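Participant: This is the structure, below, for whatever I ask next.
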């Protein structure tokens with residue numbers, strides 16, 4: 001970004017990988033919420049990431065200048081963690097970004113884990129229903145009662 005636009009100094013590769021992690025974290029979280037809550041889950045993620053996350057990210061104002069509520073939730077949400085990490089890469093050679101990377105990784109891995117759990121539970125319920133329907137069909141064919 002720096003060599004092309006002169007906008008952000010710092011490592012292009014580090015900023016690219018950070019962007020990929022942010023997108024993956026939010027995408028995995030969205031998939032998890034959709035799996036758990038249906039279509040309403042997407043709205044919940046929009047509420048969490050856009051409505052709560054963007055104002056508290058500390059991009060327009062540094063965290064010390066944010067009101068207490070926004071300052072407290074910002075670092076725990078993907079936009080805040082991403083903003084802090086990008087600032088660390090661009091201006092501080094990547095120093096002080098461990099906590100932000102852990103937050104983003106937690107959102108990513110949490111989203112993957114919840115998605116897999118919800119999928120497994122749905123598959124199990126579907127298998128149980130199919131198994132019960134199969135037993136009912138066999139009982140009717142043989143004339144036996146269950």
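Participant: So which residues in region 58-87 are buried (at least 16 other Cβ atoms within 10 Å of the Cβ), in a helix (DSSP H, G or I) and either touching a residue at least 60 places away in the same chain (Cβ under 8 Å) or over 21 Å from the mean Cα position of the chain (by Cα) (or both)? It would help to see each step written out before you state the result.
Facilitator: Let us first name the residues in region 58-87 that are buried (at least 16 other Cβ atoms within 10 Å of the Cβ), namely 58-59, 63, 66, 70-71, 73-75, 77-87.
Then keep just the ones that are in a helix (DSSP H, G or I); that gives 63, 70-71, 73-75, 78-87.
Within region 58-87, 63, 82, 85, 86 qualify.
Participant: Filter region 9-57 for residues that are over 12 Å from residue 80 (Cα atoms), touching a residue at least 24 places away in the same chain (Cβ under 8 Å) and outside any helix (DSSP H, G or I) and give the result.
Facilitator: 9, 10, 11
Participant: Any residue at all in region 110-121 that's exposed (fewer than 13 other Cβ atoms within 10 Å of the Cβ) and over 22 Å from the mean Cα position of the chain (by Cα)?
Facilitator: Checking region 110-121: not a single residue is exposed (fewer than 13 other Cβ atoms within 10 Å of the Cβ) and over 22 Å from the mean Cα position of the chain (by Cα).
Participant: Output the residue which, of all residues in region 125-137 that are more than 20 Å from residue 41 (Cβ to Cβ) and exposed (fewer than 11 other Cβ atoms within 10 Å of the Cβ), is modelled with the lowest pLDDT. Walk me through how you get there before you give the answer.
Facilitator: Applying the first criterion (more than 20 Å from residue 41 (Cβ to Cβ)) to region 125-137 yields 127-137.
Next, only the ones that are exposed (fewer than 11 other Cβ atoms within 10 Å of the Cβ) stay: 127-131, 133-134, 137.
Details: 127: 86, 128: 84, 129: 82, 130: 81, 131: 75, 133: 65, 134: 61, 137: 55.
Here the residue is 137.
Participant: Pick out the one residue from 77, 47, 18 that is at pLDDT 95 or above and within 19 Å of residue 113 (Cβ to Cβ). Don't jump to the end; show me each part of the working.
Facilitator: Values: 47 fails: within 19 Å of residue 113 (Cβ to Cβ); 18 fails: within 19 Å of residue 113 (Cβ to Cβ).
Of 77, 47, 18, the one residue that is at pLDDT 95 or above and within 19 Å of residue 113 (Cβ to Cβ) is 77.
Participant: So if I check each of 6, 43, 94, 19, which one is on the phi > 0 side of the Ramachandran plot and surrounded by fewer than 15 Cβ atoms within 10 Å (Cβ to Cβ)?
Facilitator: Selected residue: 6, the only one of 6, 43, 94, 19 that is on the phi > 0 side of the Ramachandran plot and surrounded by fewer than 15 Cβ atoms within 10 Å (Cβ to Cβ).
The values are calculated or read from the model by the stated rules, or taken from the named source; none is laboratory data. Remember, predicted model here, so these are calculated numbers, not experimental data. Positions of Cβ are backbone-derived with ideal geometry, glycine not excepted, and every protein chain shown enters the neighbour counts.
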